[in-house]
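The next block holds one structure in the form of structure tokens; read it before the comments.
The values are calculated or read from the model by the stated rules, or taken from the named source; none is laboratory data. Given the structure is predicted, the values throughout are model-derived calculations rather than measurements. Glycine gets a Cβ as well: all are built from the backbone with ideal geometry, and neighbour counts include every protein chain shown.
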Amino acid sequence: MIAKLLKHEQPDIVGLQEVCHLRTSGLIGESQAVVLARMANYPFWHFVPAHRSERQTIGQAVLSRHPITAVDILPFPRDLTDPKDTEDRVAVWVRIALGRGIEFCVTHLSLSRKARERSVKRLANWLWQISDAPKILVGDLNDEPNSSPLQFLLREANPPFADAWQIINGAEGGFTFPSHSPKHRIDYVLFSPPDAFSVEEIRTVGDVPDSCGIYPSDHLGLLAILKLKS
């Protein structure tokens with residue numbers, strides 16, 4: 001269903017979270033990122049494992065229609081004394097040969113508020129240590145727009161990030177979880193600095209179940225059209 005959605009919408013760059021890499025009989029099977037890239041005709045992809053168990057590895061992935069020319073990874077350290085900080089998390093940054101070059105980052109933040117507050121500070125600093133080029137940041141940030149982690153990114157980071165959904169729609173809508181009855185806005189398309197891109201469109205996708213009532217994901221997706229300003 002995800003591959004069908006990608007083929008229908010045709011985004012140039014895709015950020016994926018909770019991508020599985022299954023382990024079968026001690027052997028490592030194919031990553032979902034590889035399968036989706038092949039099925040949806042994306043010639044370039046990169047998968048980074050985050051959390052490992054005996055059965056599977058879960059991580060983040062980027063699919064692209066244009067060459068991925070550089071990759072970097074930021075692991076977020078866990079606090080083993082925090083009962084909500086239960087899984088290893090990472091951010092994945094790539095540079096993509098699209099136009100003058102696009103820097104794109106996907107992440108999936110912890111269920112722990114304390115961990116999210118730590119992570120966004122590390123993330124913002126790290127992205128600007130890589131380069132001073134404009135950034136697009138996407139992912140499941142596991143928090144609402146008025147939360148302290150989001151407010152840090154949108155107001156306190158230097159430079160701050162802009163929220164593509166809010167630019168187009170204000171405070172209305174944007175709910176992505178759960179997909180069968182969305183009530184929470186916890187998935188985002190952000191970019192920095194705020195004047196780097198114009199937002200031509202943003203909308204939720206993946207909101208139509210199949211004949212069995214199954215959705216492509218437990219979250220709705222976001223599709224955004226951003227134009228890099230000259």
Identify the single condition in (1) in a strand (DSSP E or B); (2) of a type outside the set (S, T, N, Q); (3) out of contact with any helix residue (DSSP H, G or I) (no Cβ under 8 Å at 6 or more places or on another chain) that F191 does not satisfy, given that it satisfies every other one. (3)
Of residues in the stretch 188-198 being free of Cβ contacts under 8 Å to residues at least 60 places away in the same chain and either over 14 Å from L137 (Cβ atoms) or hydroxyl-bearing (S, T, Y) (or both), the one surrounded by the most Cβ atoms within 10 Å (Cβ to Cβ): Y188
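Kindly indicate the residue of the stretch 71-101 that is within 22 Å of G15 (Cα to Cα) and among the charged types (D, E, K, R) and also surrounded by the fewest Cβ atoms within 10 Å (Cβ to Cβ) among those meeting that condition. Before the answer, list the steps.
Just the residues of the stretch 71-101 that are within 22 Å of G15 (Cα to Cα), to begin with: 71-77, 87-101.
From what's left, among the charged types (D, E, K, R): 72, 87-89, 95, 100.
Values: D72: 17, E87: 17, D88: 16, R89: 25, R95: 18, R100: 9.
So, considering only residues that are within 22 Å of G15 (Cα to Cα) and among the charged types (D, E, K, R), the one surrounded by the fewest Cβ atoms within 10 Å (Cβ to Cβ) is R100.
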Scan T57, T81 and give me the residue that is among the β-branched types (V, I, T) and not in a strand (DSSP E or B). T81
Matching residues, the stretch 84-105, being closer than 20 Å to K135 by Cα, part of a loop (DSSP other than H, G, I, E, B) and of a type in the set (K, R): R100
Residue pairs meeting the criteria (Cβ under 6 Å; at least 6 apart or on separate chains; first over 14 Å from C105 (Cβ atoms) and of a type in the set (F, W, Y), in the stretch 45-70; second surrounded by 16 or more Cβ atoms within 10 Å (Cβ to Cβ) and modelled with pLDDT under 90): F47/S31
Out of the residues in the stretch 102-134 that are in contact with a strand residue (DSSP E or B) (Cβ under 6 Å, 6 or more places away or on another chain) and among the small types (G, A, S), state the one that is surrounded by the fewest Cβ atoms within 10 Å (Cβ to Cβ). A133
Given the criterion among the charged types (D, E, K, R) and over 25 Å from D163 (Cβ atoms), identify the matching residue among D72, D79, D132. D79
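Rundown of residues vs (1) under 20 Å from the mean Cα position of the chain (by Cα); (2) at pLDDT below 95; (3) surrounded by 19 or more Cβ atoms within 10 Å (Cβ to Cβ); (4) part of a loop (DSSP other than H, G, I, E, B), yes/no style:
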position	(1), (2), (3), (4)
V14	yes, no, yes, no
L22	no, yes, no, no
I28	no, yes, no, no
N41	yes, no, no, yes
Of the listed residues (P193, P160), the one being touching a Leu at 6+ places or on another chain (Cβ under 7 Å) and more than 21 Å from L16 (Cα to Cα) is P160
Restricting to the stretch 137-187, count the residues that are surrounded by fewer than 18 Cβ atoms within 10 Å (Cβ to Cβ) and not in a loop (DSSP other than H, G, I, E, B). 8
Which condition number does E201 fail, the rest of (1) within 14 Å of the chain's Cα centre (by Cα); (2) part of a strand (DSSP E or B); (3) acidic (D, E) being met? (1)
